[in-house]
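The structure under discussion appears below in the form of structure tokens.
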Amino acid sequence: MMRHLGGACLAAMALAACGPADETAAASAPSQTASAENAAAASGARSESRKFRDWLAVCDNTNDCVAFGPASEGTGWVRVGSAPGPNGARTVSVGFWPTSGEGLTGPMTLTLDGRNHVAAPVAGDHEPVGVAQVRAADAAAVASGLAAGETLTLAAGGETVTMSLSGASAAMLWIDERQGRLNTPAALVRKGTGAPSPVPGPESAPHVIAAPPIAQTGFGDSGQTLPPALEAVAAVKACRAETADTAVSNEVMSARLDASTELWAVPCFAGAYNVGHDWYLTGPGGRDPRAVSLASAGGETGAGTINGGYDAGTRTLSAFSKGRGIGDCGTASTWTWTGRSFVLSAESEMTECWGVPADFWPTTWRTR
């Protein structure tokens, strides 16, 4: 797999602003118009996020939703997951970054309005943040309690942080409305007595089929030289002019997509933890270059990635745009080569830098 390199600072940092060493130039990728196949929002529900005071709520294109609340001081978070459908599962996860900087591996205790709830540790490489989850049988009740609650603390490793519940009720009410749960027993906030059957099921996720793998002899993520026809493109010249550092300008990547189509990545900029590339499709030998069209869940398109790479085995191009060096906020995207174009197949985004590991970020686009 081609290695993933760098990401850009997000607009609203909750805990740490981007310093001078963190600043990177915006990618100079040319704007593209998405084809019908490549349009992220072509079918199903649209991804949407809302902020309610301190809480963040996000629902993806299948109506799978999450709500996040932060610590009032220090670094901690609580995450409520709500799957769509009348029997959609609820989850409550928590994360804590202790002042010692050491990762936590044991259980955590949520104290909600004076009542304790133990969360078991979640396996995985989440350093330096410890992550735990309330047991499934208690999750729905705890989630509703968070919406109605007044005080919440999170304790682990001998430390305790106060969590904010400001906006929790509004965030979960919005999720109930989005999922069609209002005034039913399945609601988190505004419960009713009606049967849960009227609650709609999940929206169907788009079906994306990857093209068959093809041999990559002569292509790869190192030792590559841009073809003259691609070097001659005005946008490529402008991009290359911004990469005086040869350690960056040499990070050219290439792949064979089929017998008549090649993929080229042009390195454009680098920061403390982010490297940007513009991507082009060409004919054999770099002939007839044209910018790749990469769609986002919001429908925007472009040809640039941050920390991008192509995996010939899975036929996917992926990117991981970090909001800051530890990678606890930003956007992670994957596009699949179908034989005609790169189609968005997965996206997750965390707009708040609250110490949330990437595998707990809200999903904004999913496919099957």
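Please identify, among 171, 319, 205, the residue showing maximal mean-square fluctuation in a Gaussian network model of the chain using a 10 angstrom Cα cutoff.
The residue that fluctuates most here is 205.
Quick check: with the 1.4 Å probe, what order do 367, 184, 217 take by accessible area, largest first?
Most to least solvent-accessible, the answer reads 217, 367, 184.
Can you bin the stretch 105-154 into rounded, prolate or oblate? Criterion: square roots of the alpha carbon gyration tensor eigenvalues sorted a ≥ b ≥ c, rounded for a/c under 1.5, prolate for a/b above b/c, oblate for the rest.
prolate
Rounded if a/c is under 1.5, else prolate if a/b beats b/c, else oblate: with a ≥ b ≥ c from the C-alpha gyration tensor eigenvalues square-rooted, which is the stretch 246-368?
Here the stretch 246-368 falls in the oblate category.
So if I take the centroid of the Cα atoms in the stretch 249-275 and the same for the stretch 43-64, what is the distance between those two points in Å?
The distance from the Cα centre of the stretch 249-275 to that of the stretch 43-64 comes to 32 Å.
Just tell me the longest site-free run in the chain, where the sites are GluC sites (Glu not before Pro) in a DSSP loop having at most 11 other beta-carbon atoms within 10 Å.
151-368
If I build a Gaussian network model for the chain, linking alpha-carbon pairs within less than 10 angstrom, which residue out of 241, 57, 147 has the largest mean-square fluctuation?
Comparing 241, 57, 147 in the GNM, the peak value goes to 241.
So what J values fall out for the stretch 137-143 if you push phi through Karplus, 6.51 cos²θ - 1.76 cosθ + 1.60 with θ = phi - 60°, rounded to Hz, Gly and Pro as x?
Going residue by residue, I get 5, 9, 4, 4, 5, 5, 4 Hz, with x marking Gly and Pro.
Among the aspartates and glutamates, which have Cα under 13 Å from the Cα of residue 51 when same-chain residues fewer than 8 positions away are ignored?
Those aspartates and glutamates meeting the cut-off are 352.
The stretch 302-368 to the stretch 149-227: how many Å between their Cα centroids?
15 Å
Would you check the accessible area of residue 190, probe 1.4 Å, heavy atoms only, in square angstrom rounded to 10?
120 Å²
For the stretch 53-104, state the semi-axes of the equivalent ellipsoid (square roots of 5 times the eigenvalues of the alpha-carbon gyration tensor), sorted largest first and rounded to whole angstrom.
So the equivalent ellipsoid measures 27, 12, 8 Å along its semi-axes.
Give the lysines whose C-alpha is closer than 20 Å to that of residue 322, dropping any in the same chain fewer than 8 places away, or say none.
Result set, ordered by chain and number: empty.
What order do you get for 104-114, 83-93 when each peptide is scored by the mean count of other beta carbon atoms within 10 Å, highest first?
Result, highest mean Cβ count within 10 Å first: 83-93, 104-114.
The values are calculated or read from the model by the stated rules, or taken from the named source; none is laboratory data. The structure presented is a predicted model; accordingly, all values stated were derived computationally and were not measured. We place every Cβ from the backbone using ideal geometry, glycine too, and count neighbours over all the protein chains shown. Note: areas computed on protein heavy atoms with side chains; ligands, DNA, RNA excluded. Shrake-Rupley method; radii C 1.70, N 1.55, O 1.52, S 1.80 Å.
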